[in-house]
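Visitor: Handing you a structure now.
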Amino acid sequence: MEQRFMPTHANRTAYRSAIAVAVVATLLLIWLSLGVGLIGRDGDPANRMYFGVIAVGAIGALSARLRPDGMVRALLGMALAQAVVAAIALARGLGLPWSGPAEILLLNGIFIALFCCSAWLFRRAAHRQGS
(Lines give C-alpha, C1' and ligand atoms only; values in the text may rest on other atoms or scores of the structure.)
Protein backbone atom coordinates (compact mmCIF):
# COMPACT_ATOMS: atom_id res chain seq x y z
CA MET A 1 0.00 0.00 0.00
CA GLU A 2 1.39 3.37 -1.00
CA GLN A 3 1.91 5.91 1.75
CA ARG A 4 0.73 9.41 1.03
CA PHE A 5 3.31 12.11 1.67
CA MET A 6 2.15 14.59 4.27
CA PRO A 7 4.22 17.76 4.06
CA THR A 8 5.59 19.22 7.26
CA HIS A 9 6.08 22.92 7.87
CA ALA A 10 9.75 22.57 6.86
CA ASN A 11 8.73 20.82 3.63
CA ARG A 12 6.27 23.59 2.76
CA THR A 13 8.85 26.28 3.51
CA ALA A 14 11.46 24.53 1.35
CA TYR A 15 8.93 24.12 -1.48
CA ARG A 16 7.89 27.78 -1.37
CA SER A 17 11.51 28.89 -1.26
CA ALA A 18 12.34 26.63 -4.21
CA ILE A 19 9.47 28.10 -6.24
CA ALA A 20 10.57 31.63 -5.35
CA VAL A 21 14.19 31.03 -6.38
CA ALA A 22 13.13 29.34 -9.64
CA VAL A 23 10.66 32.09 -10.58
CA VAL A 24 13.04 34.95 -9.72
CA ALA A 25 15.91 33.30 -11.60
CA THR A 26 13.71 32.66 -14.65
CA LEU A 27 12.32 36.20 -14.71
CA LEU A 28 15.83 37.61 -14.29
CA LEU A 29 17.05 35.40 -17.13
CA ILE A 30 14.24 36.64 -19.40
CA TRP A 31 14.88 40.27 -18.48
CA LEU A 32 18.64 40.10 -18.93
CA SER A 33 18.54 38.12 -22.17
CA LEU A 34 15.90 40.36 -23.75
CA GLY A 35 16.75 43.74 -22.26
CA VAL A 36 20.46 43.85 -21.65
CA GLY A 37 21.91 40.83 -23.37
CA LEU A 38 23.85 38.15 -21.51
CA ILE A 39 25.85 37.38 -24.63
CA GLY A 40 27.15 40.39 -26.48
CA ARG A 41 25.23 43.61 -26.56
CA ASP A 42 21.50 44.30 -26.48
CA GLY A 43 19.73 42.57 -29.35
CA ASP A 44 22.44 39.98 -30.05
CA PRO A 45 20.66 36.95 -31.59
CA ALA A 46 22.78 34.59 -29.46
CA ASN A 47 20.61 35.53 -26.49
CA ARG A 48 17.72 33.63 -28.06
CA MET A 49 19.38 30.41 -26.89
CA TYR A 50 18.16 31.21 -23.39
CA PHE A 51 14.59 30.54 -24.51
CA GLY A 52 15.69 26.90 -24.71
CA VAL A 53 16.60 27.02 -21.01
CA ILE A 54 13.18 28.43 -20.20
CA ALA A 55 11.49 25.82 -22.41
CA VAL A 56 13.30 23.02 -20.57
CA GLY A 57 12.00 24.42 -17.27
CA ALA A 58 8.45 24.92 -18.51
CA ILE A 59 8.19 21.44 -20.03
CA GLY A 60 9.81 19.91 -16.95
CA ALA A 61 7.46 21.73 -14.57
CA LEU A 62 4.40 20.71 -16.60
CA SER A 63 5.45 17.07 -16.78
CA ALA A 64 6.28 17.08 -13.05
CA ARG A 65 2.94 18.73 -12.26
CA LEU A 66 4.94 20.95 -9.90
CA ARG A 67 5.61 18.00 -7.58
CA PRO A 68 8.88 18.47 -5.71
CA ASP A 69 10.57 15.26 -6.85
CA GLY A 70 9.90 16.07 -10.51
CA MET A 71 10.84 19.70 -10.05
CA VAL A 72 14.29 18.60 -8.90
CA ARG A 73 14.83 17.08 -12.34
CA ALA A 74 13.31 20.08 -14.11
CA LEU A 75 15.61 22.54 -12.35
CA LEU A 76 18.68 20.38 -12.87
CA GLY A 77 17.69 20.23 -16.54
CA MET A 78 17.56 24.02 -16.61
CA ALA A 79 21.02 24.22 -15.00
CA LEU A 80 22.38 21.80 -17.60
CA ALA A 81 20.75 23.72 -20.47
CA GLN A 82 22.23 26.95 -19.09
CA ALA A 83 25.68 25.32 -19.04
CA VAL A 84 25.22 24.15 -22.63
CA VAL A 85 24.34 27.71 -23.74
CA ALA A 86 27.47 29.02 -22.03
CA ALA A 87 29.61 26.30 -23.60
CA ILE A 88 28.24 27.08 -27.07
CA ALA A 89 28.83 30.81 -26.57
CA LEU A 90 32.41 30.21 -25.44
CA ALA A 91 33.23 27.62 -28.11
CA ARG A 92 31.92 29.79 -30.94
CA GLY A 93 33.27 33.09 -29.59
CA LEU A 94 29.80 34.60 -29.44
CA GLY A 95 29.34 38.03 -27.94
CA LEU A 96 32.82 39.30 -28.66
CA PRO A 97 34.04 42.01 -28.21
CA TRP A 98 31.27 43.09 -25.81
CA SER A 99 31.14 39.93 -23.68
CA GLY A 100 34.40 38.24 -22.87
CA PRO A 101 34.75 34.64 -21.66
CA ALA A 102 34.98 35.68 -17.99
CA GLU A 103 31.72 37.64 -18.20
CA ILE A 104 29.91 34.81 -19.95
CA LEU A 105 31.17 32.28 -17.38
CA LEU A 106 30.27 34.50 -14.44
CA LEU A 107 26.76 35.43 -15.56
CA ASN A 108 25.84 31.91 -16.65
CA GLY A 109 27.44 30.48 -13.51
CA ILE A 110 25.16 32.63 -11.38
CA PHE A 111 22.09 31.23 -13.13
CA ILE A 112 23.40 27.67 -12.92
CA ALA A 113 23.90 28.18 -9.17
CA LEU A 114 20.38 29.60 -8.77
CA PHE A 115 18.78 26.71 -10.65
CA CYS A 116 20.84 24.19 -8.62
CA CYS A 117 19.86 25.95 -5.39
CA SER A 118 16.20 25.69 -6.35
CA ALA A 119 16.65 21.98 -7.20
CA TRP A 120 18.26 21.42 -3.80
CA LEU A 121 15.34 23.15 -2.07
CA PHE A 122 12.87 21.01 -4.03
CA ARG A 123 14.82 17.94 -2.95
CA ARG A 124 14.49 19.02 0.67
CA ALA A 125 10.77 19.57 0.15
CA ALA A 126 10.39 16.08 -1.33
CA HIS A 127 12.37 14.42 1.46
CA ARG A 128 10.13 12.29 3.67
CA GLN A 129 10.64 12.50 7.38
CA GLY A 130 12.18 9.34 8.79
CA SER A 131 13.40 7.92 5.47
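Visitor: Considering only residues that are within 21 Å of Thr26 (Cα to Cα) and surrounded by 13 or more Cβ atoms within 10 Å (Cβ to Cβ), which ones fall in the range 100-109?
Guide: Glu103, Ile104, Leu105, Leu107, Asn108, Gly109
Visitor: Sticking with this structure for a sec: Do any helices (runs of 4 or more DSSP H) lying entirely in the range 1-111 carry at least 1 residues that are among the β-branched types (Val, Ile, Thr), under 16 Å from Ala125 (Cα atoms) and modelled with pLDDT under 95, and which ones are they?
Guide: Per the criteria, 9-31.
Visitor: Restrict the check to the range 68-75 and report whether at least one residue is loosely packed, with under 15 Cβ neighbours inside 10 Å, free of Cβ contacts under 8 Å to residues at least 12 places away in the same chain and touching a helix residue (DSSP H, G or I) at 6+ places or on another chain (Cβ under 6 Å).
Guide: no
Visitor: In the range 44-62, is there at least one residue being touching a Phe, Trp or Tyr at 6+ places or on another chain (Cβ under 7 Å), touching a residue at least 24 places away in the same chain (Cβ under 8 Å) and surrounded by fewer than 19 Cβ atoms within 10 Å (Cβ to Cβ)?
Guide: Taking every residue of the range 44-62 in turn, none turns out to be touching a Phe, Trp or Tyr at 6+ places or on another chain (Cβ under 7 Å), touching a residue at least 24 places away in the same chain (Cβ under 8 Å) and surrounded by fewer than 19 Cβ atoms within 10 Å (Cβ to Cβ).
Visitor: Let me ask another. Assess whether Ile88 counts as being among the aliphatic types (A, V, I, L, M) and farther than 30 Å from Arg67 by Cβ.
Guide: When the stated conditions are applied, Ile88 passes them.
The values are calculated or read from the model by the stated rules, or taken from the named source; none is laboratory data. As the structure is a computational prediction, the values presented were derived from the model and not from experiment. Every residue, glycine among them, receives a Cβ derived from its backbone with ideal geometry; neighbour counts consider all protein chains shown.
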